[in-house]
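> One structure, as structure tokens, below. Some questions next.
The values are calculated or read from the model by the stated rules, or taken from the named source; none is laboratory data. This is a predicted model, so every value here is computed, not measured. Neighbour counts run over all protein chains shown; Cβ positions are idealised from the backbone, glycine included.
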């Protein structure tokens, strides 16, 4: 007994029907390897690590009485640059940790307010506290492109030489601060 040919006279191609399943299984295997790799998804390689911080001169957030963000103030200081917005829920989550970090007088924290409504940004800081020594407004989002920002929040550590030493993508957690940020801060603070 032989298999009957398809109605159009051609034999069915089984491999064509299995192709979508094979593609799905291959993609699933790739995603599973990434998940099980143990790699921290908040660590995003940045071409800017070791490079000078981008030239930045952003106007201040009106009504705070603080200066804007100016990269000319970085050399000679250790500075954390935090990219945030009032509409960003993870920014709200990490904010108490920034308030704790702001108690350390050995470095400054400056904010880069991203595509925000000024009134909302002031309300955010009024409700949660202000950890920043300066806040620059990037209303159009062009400056964050120069910094290589993927989204908010992101934080950069700038050394005394004005170079980017460390980048954290996403909100800080107690663990990420203890494991990653504090050692990077200590190294920056003790460097000549």
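> Name the residues in the stretch 117-135 that are in contact with a helix residue (DSSP H, G or I) (Cβ under 8 Å, 6 or more places away or on another chain), free of Cβ contacts under 8 Å to residues at least 60 places away in the same chain and either over 15 Å from residue 91 (Cβ atoms) or in a loop (DSSP other than H, G, I, E, B) (or both), would you?
Hits for the stretch 117-135 are 129, 131.
> Just to be sure, is residue 89 farther than 15 Å from residue 153 by Cβ and out of contact with any helix residue (DSSP H, G or I) (no Cβ under 6 Å at 6 or more places or on another chain)?
Judged against the criteria, residue 89 is not a match.
> Residues in the stretch 31-60 that are modelled with pLDDT of 80 or more and over 28 Å from residue 160 (Cα atoms): how many?
Total satisfying the criteria: 0.
> What number of residues within the stretch 136-187 satisfy the criterion of being in a helix (DSSP H, G or I) and within 24 Å of residue 72 (Cβ to Cβ)?
Going through the stretch 136-187 one residue at a time, the tally reaches 9.
> Does any residue in the stretch 64-76 that is touching a residue at least 24 places away in the same chain (Cβ under 8 Å) and at positive phi come within less than 8 Å, Cβ to Cβ, of a residue that is crowded, with 16+ Cβ neighbours inside 10 Å and in a loop (DSSP other than H, G, I, E, B) six or more places away or on a different chain, and which pairs are these?
Qualifying pairs under 8 Å: 76/160.
> Do we find that residue 140 is modelled with pLDDT of 95 or more and out of contact with any helix residue (DSSP H, G or I) (no Cβ under 9 Å at 6 or more places or on another chain) in this structure?
No: the conditions fail for residue 140.
> Hey, another quick one. If a residue must be surrounded by 17 or more Cβ atoms within 10 Å (Cβ to Cβ), free of Cβ contacts under 8 Å to residues at least 40 places away in the same chain and more than 16 Å from the chain's Cα centre (by Cα), how many such residues does the stretch 77-105 contain?
1
> Condition check: farther than 17 Å from residue 106 by Cβ and out of contact with any strand residue (DSSP E or B) (no Cβ under 8 Å at 6 or more places or on another chain). Does residue 153 satisfy that?
no
> So if I check each of 171, 153, 183, which one is surrounded by 14 or more Cβ atoms within 10 Å (Cβ to Cβ), farther than 20 Å from residue 69 by Cα and either modelled with pLDDT of 95 or more or in contact with a helix residue (DSSP H, G or I) (Cβ under 6 Å, 6 or more places away or on another chain) (or both)?
Of the residues listed, the single one that is surrounded by 14 or more Cβ atoms within 10 Å (Cβ to Cβ), farther than 20 Å from residue 69 by Cα and either modelled with pLDDT of 95 or more or in contact with a helix residue (DSSP H, G or I) (Cβ under 6 Å, 6 or more places away or on another chain) (or both) is 171.
> Here is a list of conditions, (1) free of Cβ contacts under 8 Å to residues at least 24 places away in the same chain; (2) touching a strand residue (DSSP E or B) at 6+ places or on another chain (Cβ under 8 Å), and residue 142 meets all of them except one; can you say which number that is?
Result: residue 142 fails condition (2) only.
> What number of residues in the stretch 69-83 are within 17 Å of residue 155 (Cα to Cα) and either in a loop (DSSP other than H, G, I, E, B) or in contact with a strand residue (DSSP E or B) (Cβ under 6 Å, 6 or more places away or on another chain) (or both)?
Result for the stretch 69-83: 10.
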